[in-house]
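The values are calculated or read from the model by the stated rules, or taken from the named source; none is laboratory data. Small disclaimer: the values here were computed from a predicted structure and weren't measured. Virtual Cβ from ideal backbone geometry, glycine too; neighbours counted across all protein chains shown.
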Amino acid sequence: MVVRISNVNLPDNKRVEIALTYLYGIGLSLSQKILAATKIDPNTKVKALSTGDLEKIRKALSAYRVEGDLRMEITQNVKRLKDIGTYRGVRHTKGLPVRGQRTKTNARTKRGRKVTVGSGRKPSAQKT
């Protein structure tokens, strides 16, 4: 039986505590909090959950913004920053780090990987 919550398939052989983190917006601490509120043992495997347990989890998750709703909210927040022209919005537009990180070195994933990495020094001629 495949368990689907918020249009995400949860892996059957993982503990519920870990499987819930497959949902966008749910980390380990929030997963533990949800399981404590629903009184479900975190060590239970997903395939061993009853339909009642799954309904409890779905009901507890309805209080949080996860998956599509959360992604849409984040996108709207970034768009708002860009529209009003804040410093953070400009950094998002240029594809640079937003939170004050340095860019002279590092930030390669955010800026895009350049061909030249390292000192750029050519290897010396081989001795014969």
How many residues of the range 1-49 are part of a helix (DSSP H, G or I) and in contact (Cβ under 8 Å) with a residue 60 or more places away in the chain? The answer is 0
Within the range 1-16, residues farther than 14 Å from Arg58 by Cα and not polar (S, T, N, Q) come out as Met1, Val2, Pro11, Asp12, Lys14, Arg15
Checked against (1) assigned to a loop (DSSP other than H, G, I, E, B); (2) touching a Gly at 6+ places or on another chain (Cβ under 6 Å), Leu81 satisfies every condition except (1)
Among Pro123, Pro97, the single one that is outside any helix (DSSP H, G or I), at negative phi and at pLDDT 90 or above is Pro97
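Considering only the range 31-61, state which residues are surrounded by 16 or more Cβ atoms within 10 Å (Cβ to Cβ) and β-branched (Val, Ile, Thr). Please lay out each step first, then the result.
Initial filter on the range 31-61 (surrounded by 16 or more Cβ atoms within 10 Å (Cβ to Cβ)): 31, 34-35, 38, 40, 44, 46, 49, 53-54, 56-57, 60-61.
Scanning the range 31-61 gives Ile34, Thr38, Ile40, Thr44, Val46, Ile57.
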Considering the range 16-30, residues that are in contact with a strand residue (DSSP E or B) (Cβ under 8 Å, 6 or more places away or on another chain) and either at pLDDT below 90 or buried (at least 17 other Cβ atoms within 10 Å of the Cβ) (or both), and then whichever is nearest to Leu70 (Cα to Cα), we arrive at Leu23
message = Kindly evaluate Leu70 against the criterion of being out of contact with any helix residue (DSSP H, G or I) (no Cβ under 7 Å at 6 or more places or on another chain), of a type in the set (A, V, I, L, M) and touching a residue at least 12 places away in the same chain (Cβ under 8 Å).
response = yes
Restricting the range 84-94 to residues that are without any contact (Cβ under 8 Å) to a residue 12 or more places away in the chain and assigned to a helix (DSSP H, G or I), the one farthest from Gly27 (Cα to Cα) turns out to be Ile84
